[in-house]
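First up is the structure itself, then whatever we jot down about it.
The values are calculated or read from the model by the stated rules, or taken from the named source; none is laboratory data. Please read all numbers here as calculations on a predicted model, not as lab measurements. Reconstructed Cβ throughout: ideal geometry from the backbone, glycine too, with neighbour counts over all protein chains shown. Side chains are part of the model used for accessible areas, which takes the heavy atoms of the whole protein and leaves out ligands, DNA and RNA. Shrake-Rupley method; radii C 1.70, N 1.55, O 1.52, S 1.80 Å.
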Amino acid sequence: PSDPNDDEVSTVLQHFRPRPGFVSSGIDHGLTRSVGGRPRQRQKRCRCDRGFSSVQFMSPSSSGSTSTAVSTAGGKLRLTYLHVHVQNAESESSSSNICVFLTFEIAVITKLVECVQCSAPHESLAARIKSHLGQRCRDLSCYCPPTAAADDGPSASTLTPSLFLIASRLLQLLNNDFPTSLFSDDVSMNSSSQEKETLDVLVHRIATTVPSKRPPAAIHRLLDVQTLLMRCAAAGRNRSKICAPVPVEFANSAALGNKGDCTDALSRLVFAASNQMYTHGFHNGKQQQKQTQQLQHGGSEAAWTLLPFLLSLPWTGGSRLARTEISASDNAKNSNHDDDGNYKITSKTRVGQLSLDIGTALGDESPAFSHYADKYGTVQAYHGTKIESAWSILNHGLQNLSYNGALSQNGAMMGAGVYLSSSKQVAESFAIKATERVPPALSLAFQHESLIHLLCYANVDVASLDPLDSYDITCLPVFEATIIKPPPPAYDDNMASSNKCSNGNYTTRQEGKYFVCTDGEFIRITKLHLTIELSKKSDVWRFLPSRLPLALIVLLVAMIWVMG
């Protein structure tokens, strides 16, 4: 296309891609899903919770396609979807829910739609759902817009529906007309001898059915990252805006149960669900088996809501967590930071460093990004932020917050946009600066088993650690991204207009070591570097809260005795 921002793929990605609640055109808290420009209405005629997860672009050269029928010419759109069916409407336990993970691919040129993957607890159920949806996809591929069908001109037979229309109708099908009757057809579903799927089995099923099959241990580590980051987002001062995405059930329950203050209610749900996930041992099959009876009789409602939601996120199946090796001497002494953001040696600090390699887990470059990348080239840049914002950034990308006083961290001295640096150390200094004013609830977010697992994977000797509440814990997130290089100086108005993207601004500006990207769509996050520091608290401050009431009583008695 003459304007790379007007191509069909970019239109679909910008419209259907989930956005954080503080973006006016986006999806607030994941509560509603936009379908054909209209918010999705939750259906009350049956107890089935549905959830659109993501839409991604797969370039023609991508090797991640599992499709056998959809043409790869022009690329494909991959749409993932989680359907949760309540098997027993009278049961109060979510352990009887049936989680179905679906993946669809839409050819950009031919508009052919194919259900390429269906993961369900039973193979017969998965085959039946895939067969039924496969037929519906074929009907959808042959769909002709009413305006074209009514046209008697010669172009009526050759007119194909837009990519936006096909994606809209596919989501309408999944949201409103999902074949729920297929769940009652399977005799094994009603068999009392059939074992219920446990949390650990659910993780193992997803690990073996994602496009790039992964060992369950790799999924466990990603779930540790997801859990810790979501807990930190729920503890943030602006958690009503940055704690997203969350399961739709959490947001609805918080809004209905606490009409006056749903923010704290949402945080409590996130904390309770993450505690249940680890208490019921989805990491450990043996522990899971011992607690199967307890799970089937309730006590894990929130865990059964949160875990499938986390597994449905697009970067769960494609990202990889790696440790950054630290020398033994550095980890024995370890570090804090001076005023300039440089490391300084202290004596009671443990450090673990991890790197989450996202790669193409969130899809390939959009045609608009590729256009500017071919025109100007790309460059690696880094963005340091506070740990409370990392969850939203991973799922929604970097957003321009220059005009949002509540969320903007460092202002906009060089103009509006997302600020990045060519130096990782400079980005780290901004992450360190963000720890100067942490929310009170953040320390509670760190008191969790997911942090222990991440420290263990980072080669920190967790066996020698004291309880976590005896440490001051700091997490420093630095995002690594690929951005468009700043365009060369424009010498006339024609060249100036050609160097601008759809919002009328230059794609990237540069001031020394800093880059300013006016549009987050032209920032492709590739890695998350996470540094976890544990500094031993002073014994005085550790025991003072528990001794303070007694000290005040003694002081009061002494004052009364002196005055008397």
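When you check residue 382 against the structure, is it in contact (Cβ under 8 Å) with a residue 40 or more places away in the chain and more than 27 Å from residue 443 (Cα to Cα), yes or no? Spelling it out, it is not the case that residue 382 is in contact (Cβ under 8 Å) with a residue 40 or more places away in the chain and more than 27 Å from residue 443 (Cα to Cα).
Checking each residue in the range 447-467 for being more than 14 Å from residue 351 (Cβ to Cβ) and touching a residue at least 60 places away in the same chain (Cβ under 8 Å) picks out 448, 449, 450, 453, 466. When 232, 243 are checked against the criterion of being at pLDDT 80 or above and out of contact with any Gly (no Cβ under 8 Å at 6 or more places or on another chain), 232 stands alone in meeting it. Scan the range 254-268 and tell me whether some residue there is at pLDDT 85 or above, open to solvent by less than 50 Å² (accessible area, probe 1.4 Å), part of a helix (DSSP H, G or I) and closer than 20 Å to residue 532 by Cβ. Taking every residue of the range 254-268 in turn, none turns out to be at pLDDT 85 or above, open to solvent by less than 50 Å² (accessible area, probe 1.4 Å), part of a helix (DSSP H, G or I) and closer than 20 Å to residue 532 by Cβ. Taken over the range 55-90, the criterion of being surrounded by fewer than 14 Cβ atoms within 10 Å (Cβ to Cβ) and modelled with pLDDT of 70 or more is satisfied by 61 alone.
Residue 352 - would you say it is buried (at least 19 other Cβ atoms within 10 Å of the Cβ) and either modelled with pLDDT of 90 or more or assigned to a strand (DSSP E or B) (or both)? For residue 352, the condition - buried (at least 19 other Cβ atoms within 10 Å of the Cβ) and either modelled with pLDDT of 90 or more or assigned to a strand (DSSP E or B) (or both) - is met. Filtered by the rule that a residue be surrounded by fewer than 21 Cβ atoms within 10 Å (Cβ to Cβ) and outside any loop (DSSP other than H, G, I, E, B), the range 374-392 gives 374, 375, 376, 378, 379, 380.
Among the residues making up the range 158-174, those that are at pLDDT below 85 and either surrounded by 11 or more Cβ atoms within 10 Å (Cβ to Cβ) or within 25 Å of the chain's Cα centre (by Cα) (or both) are 159, 160, 161. The residues in the range 355-373 that are among the hydrophobic types (A, V, I, L, M, F, W, C) and part of a strand (DSSP E or B) can be counted, and the count is 1. When the criteria are applied in full, residue 452 meets the requirement of being of a type in the set (A, V, I, L, M) and open to solvent by 50 Å² or more (accessible area, probe 1.4 Å). Flag: residue 249 matches the condition of being at pLDDT below 90, open to solvent by 30 Å² or more (accessible area, probe 1.4 Å) and in contact with a strand residue (DSSP E or B) (Cβ under 8 Å, 6 or more places away or on another chain).
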